[in-house]
Amino acid sequence: MRDRYDVIVVGIGGMGSAAVAELAARGVDVLGLERYDVPHDYGSAHGTSRIVRRPDATDRASATLLERGLERWRDLEADVDRQLLYRTGSIDVGPADGDALEDARRICEATGLEYDRLSSADLSERFPAFAVPETYAGIYQPEGGVLVPDVGIVAQVTQAHRAGATIRARERVVDWRSVSDGVRVETDHGAYESEALVVTAGPWIPQLVEPLEGVVVPERQLLGWFQPGNPDRFGPDRFPVWTLWTDEGRYFGTPVHDVPGCTVGRRRTREESVDPDAFEREPTQADERLLRSIVEEYVPTAAGPTMRLSTSLSATTADDRFVLDTLPDRPEVVVGTGCSDSAFAFAPAIGEVLADLALEGTTEYDVDPFSLDRF
Ligand SMILES: Cc1cc2nc3c(=O)[nH]c(=O)nc-3n(C[C@H](O)[C@H](O)[C@H](O)COP(=O)(O)OP(=O)(O)OC[C@H]3O[C@@H](n4cnc5c(N)ncnc54)[C@H](O)[C@@H]3O)c2cc1C
């Protein structure tokens, strides 16, 4: 077994698979280490769909990364000959005078994105699946869509393999330390050394990178799939991805894809931080009721029998932004995390940033908003 590489990437989820693919494409001798399978359902990049919602890029730096990420996903589709991205349009629904819709509108205006503002009546006419109060309105953005996360990871790993990367699944990193000529990484199988280390361990990252303890918080997340009354009306060609703001919280959903039901999820709060190795992974009846009540109220024709429930983990920061940086006094160690619940669409661009930081210590992307020292 070889034990020396140029760069080691820890965690082959959404961000790590992007970093490994990008490093290998640049001719770097890279090793990727993943504690579970490639792909798997235990981390953040599980399931069948990830929303692409342009207003998720709340500033110019994020918007640049999102556009670049989407460009790279499209290139990857052609490269591996698999559809990864489905354009469905995205709709934000919430109180007509609330901050959420105003923010979505402002972001569309600022970045020159096409959008339609829909009153409650317009919304019912254009998307009859939604039943919203008269005091609600919507912002429809036609370029929103869905990415398929597990297929996306496989595509990035396929690309990495083609470019010569070594990726080892079921090998958990237990420790690492800086040494005179780089980094030494210990796993439950052996040890490796490299000039640089990229840690993309998602919700587990605080266990491996001490400066991220308390900065990145692992949270339990929940998704449900419910059978719609008329599945033909809920396919990616007919039904947009949606985000809904209510007094009880923020919810989101996607069309029917792979599972015979529409997805619905609830954005959770930081109060629900968990130990990623010991939390209530099995969904409960209370979880099911929580999601079902929202579908029954706001998308009633999609509230048929439950098809699937799953929990997963996200890694959030207090300001809901990424951390893309080198560690203080350790320029050979790069971290890519804090990807919360809307970062999958950015992944290939984040892979470029992480590769830049690992190889050059700097990047041409504006990563100031994602620096570690903001905390
Ligand atoms: C419920 C939910 C809904 C989401 N919805 C959207 C959405 O609609 N749109 C969107 O763009 N994004 C969405 N996201 C966010 C997106 O999925 C994540 O931002 C993205 O998957 C984060 O990738 P990551 O690489 O940081 O983490 P992960 O994908 O979790 O990858 C981390 C990897 O590191 C591995 N690892 C951890 N510790 C070790 C170790 N010691 N040794 C080796 N390997 C290790 C893990 O096993 C894992 O594979 C959602 C996330 C969740 C949880």
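Can you tell me which of Leu85, Leu70, Leu33, Leu101 is of a type outside the set (Gly, Ala, Ser) and in contact with a helix residue (DSSP H, G or I) (Cβ under 6 Å, 6 or more places away or on another chain)?
Leu85
Collect the residues in segment 1-33 that are touching a His at 6+ places or on another chain (Cβ under 9 Å) and away from the ligand (no atom under 13 Å from the Cβ), keeping them in residue-number order.
Hits for segment 1-33 are Met1, Ala24.
Is at least one residue of segment 289-308 surrounded by fewer than 20 Cβ atoms within 10 Å (Cβ to Cβ), within 21 Å of His46 (Cβ to Cβ), within 12 Å of the ligand (Cβ to nearest atom) and touching a residue at least 24 places away in the same chain (Cβ under 8 Å)?
We begin by selecting, within segment 289-308, every residue surrounded by fewer than 20 Cβ atoms within 10 Å (Cβ to Cβ); these are 289-290, 292-293, 296-297, 300-301, 304-308.
Right, trim to within 21 Å of His46 (Cβ to Cβ) and you get 290, 292, 306-308.
Remaining after also requiring within 12 Å of the ligand (Cβ to nearest atom): none.
Checking segment 289-308: not a single residue is surrounded by fewer than 20 Cβ atoms within 10 Å (Cβ to Cβ), within 21 Å of His46 (Cβ to Cβ), within 12 Å of the ligand (Cβ to nearest atom) and touching a residue at least 24 places away in the same chain (Cβ under 8 Å).
Could you tell me which numbered condition Gly164 fails, if it satisfies all but one of (1) under 14 Å from Ile8 (Cα atoms); (2) in a loop (DSSP other than H, G, I, E, B); (3) touching a Gly at 6+ places or on another chain (Cβ under 7 Å)?
It fails just one condition, (3).
Against the definition (surrounded by 16 or more Cβ atoms within 10 Å (Cβ to Cβ), in the same structural domain as Leu197 (by TED's automatic domain parsing), within 12 Å of the ligand (Cβ to nearest atom) and at pLDDT below 95), how does Ala45 come out, yes or no? Working first, answer last.
Numbers: surrounded by 16 or more Cβ atoms within 10 Å (Cβ to Cβ): yes; in the same structural domain as Leu197 (by TED's automatic domain parsing): yes; within 12 Å of the ligand (Cβ to nearest atom): yes; at pLDDT below 95: yes.
Yes; evaluated as a whole, the condition is true for this residue.
Anything in segment 37-51 that is touching a residue at least 40 places away in the same chain (Cβ under 8 Å) and farther than 22 Å from Val323 by Cβ? List them, or say none.
Kept after step one, since they are touching a residue at least 40 places away in the same chain (Cβ under 8 Å), are these residues of segment 37-51: 37-39, 41-51.
Those that are touching a residue at least 40 places away in the same chain (Cβ under 8 Å) and farther than 22 Å from Val323 by Cβ: Asp37, Val38, Pro39, Asp41, Gly47, Thr48, Ser49.
Could you check Asp181 against (1) at pLDDT 95 or above; (2) more than 9 Å from the ligand (Cβ to nearest atom); (3) surrounded by fewer than 19 Cβ atoms within 10 Å (Cβ to Cβ) and say which number it fails?
Answer for Asp181: the failing condition is (1).
If His257 satisfies all but one of (1) in contact with a Pro (Cβ under 9 Å, 6 or more places away or on another chain); (2) more than 22 Å from Gly145 (Cα to Cα); (3) in contact (Cβ under 8 Å) with a residue 60 or more places away in the chain, what's the number of the condition it fails?
Condition not satisfied by His257: (2).
Of the conditions (1) more than 9 Å from the ligand (Cβ to nearest atom); (2) surrounded by fewer than 20 Cβ atoms within 10 Å (Cβ to Cβ); (3) at pLDDT 90 or above; (4) not acidic (Asp, Glu), Arg238 satisfies every one except a single condition; which number is it?
All conditions pass for Arg238, except number (3).
Is it true that Ser312 is small (Gly, Ala, Ser) and within 15 Å of the ligand (Cβ to nearest atom)?
On the way: small (Gly, Ala, Ser): yes; within 15 Å of the ligand (Cβ to nearest atom): yes.
So Ser312 passes the test.
Kindly provide the set of residues from segment 322-375 that are among the small types (Gly, Ala, Ser), closer than 21 Å to Asp56 by Cα and out of contact with any helix residue (DSSP H, G or I) (no Cβ under 6 Å at 6 or more places or on another chain), ordered by number. Walk me through how you get there before you give the answer.
Initially, segment 322-375 is screened for residues among the small types (Gly, Ala, Ser), giving 336, 338, 340, 342-343, 345, 347, 349, 351, 355, 358, 361, 371.
From what is left, the residues that are closer than 21 Å to Asp56 by Cα are 336, 338, 340, 342-343, 345, 347, 349, 351, 371.
Passing the criteria: Gly338, Ser340, Ala343, Ser371.
Which residues, counting only those in segment 218-235, are more than 10 Å from the ligand (Cβ to nearest atom) and crowded, with 21+ Cβ neighbours inside 10 Å? Before the answer, list the steps.
Going residue by residue through segment 218-235, those that are more than 10 Å from the ligand (Cβ to nearest atom) are 224-235.
Matches in segment 218-235: Gly224, Trp225, Phe226, Pro228, Phe234.
Suppose the filter is within 12 Å of the ligand (Cβ to nearest atom) and surrounded by fewer than 21 Cβ atoms within 10 Å (Cβ to Cβ); does Leu70 pass it? Break it down into steps so the answer makes sense when it comes.
Values: within 12 Å of the ligand (Cβ to nearest atom): yes; surrounded by fewer than 21 Cβ atoms within 10 Å (Cβ to Cβ): yes.
Yes; evaluated as a whole, the condition is true for this residue.
Is it the case that some residue within segment 289-307 is within 20 Å of Pro203 (Cβ to Cβ) and more than 16 Å from the chain's Cα centre (by Cα)? Give the derivation first.
Looking only at segment 289-307, we keep the residues that are within 20 Å of Pro203 (Cβ to Cβ), and these are none.
Looking for residues that are within 20 Å of Pro203 (Cβ to Cβ) and more than 16 Å from the chain's Cα centre (by Cα), one finds none in segment 289-307, hence no.
Looking at segment 152-178 only, could you name the residues that are of a type in the set (Val, Ile, Thr) and either surrounded by fewer than 15 Cβ atoms within 10 Å (Cβ to Cβ) or at pLDDT below 95 (or both)?
Keep residues of segment 152-178 that are of a type in the set (Val, Ile, Thr), which gives 153-154, 157-158, 166-167, 173-174.
Hit for segment 152-178 is Val174, nothing else.
Select from segment 315-334 the residues that are away from the ligand (no atom under 12 Å from the Cβ) and hydrophobic (A, V, I, L, M, F, W, C) and write down the one among them that is surrounded by the fewest Cβ atoms within 10 Å (Cβ to Cβ).
Looking at residues that are away from the ligand (no atom under 12 Å from the Cβ) and hydrophobic (A, V, I, L, M, F, W, C), I get Ala318.
Yes/no per residue for (1) within 14 Å of the ligand (Cβ to nearest atom); (2) surrounded by fewer than 13 Cβ atoms within 10 Å (Cβ to Cβ):
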site	(1), (2)
Gly261	no, no
Val264	yes, no
Phe279	yes, no
Gln285	no, yes
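From the list Ala201, Ala196, pick out the single residue that is away from the ligand (no atom under 14 Å from the Cβ) and closer than 22 Å to Ala349 by Cα. Lay out the reasoning, then the answer.
On the way: Ala201 fails: away from the ligand (no atom under 14 Å from the Cβ).
Only one candidate passes the filter, namely Ala196.
Taking Asp122, is it over 20 Å from Gly235 (Cβ atoms) and either touching a Cys at 6+ places or on another chain (Cβ under 9 Å) or surrounded by fewer than 21 Cβ atoms within 10 Å (Cβ to Cβ) (or both)? Working first, answer last.
Numbers: over 20 Å from Gly235 (Cβ atoms): yes; either touching a Cys at 6+ places or on another chain (Cβ under 9 Å) or surrounded by fewer than 21 Cβ atoms within 10 Å (Cβ to Cβ) (or both): yes.
Spelling it out, Asp122 is indeed over 20 Å from Gly235 (Cβ atoms) and either touching a Cys at 6+ places or on another chain (Cβ under 9 Å) or surrounded by fewer than 21 Cβ atoms within 10 Å (Cβ to Cβ) (or both).
The values are calculated or read from the model by the stated rules, or taken from the named source; none is laboratory data. Keep in mind that this is a model prediction, so the values were computed, not measured. Neighbour counts are summed over all protein chains in view; Cβ atoms, including those assigned to glycine, are modelled from backbone coordinates with ideal geometry.
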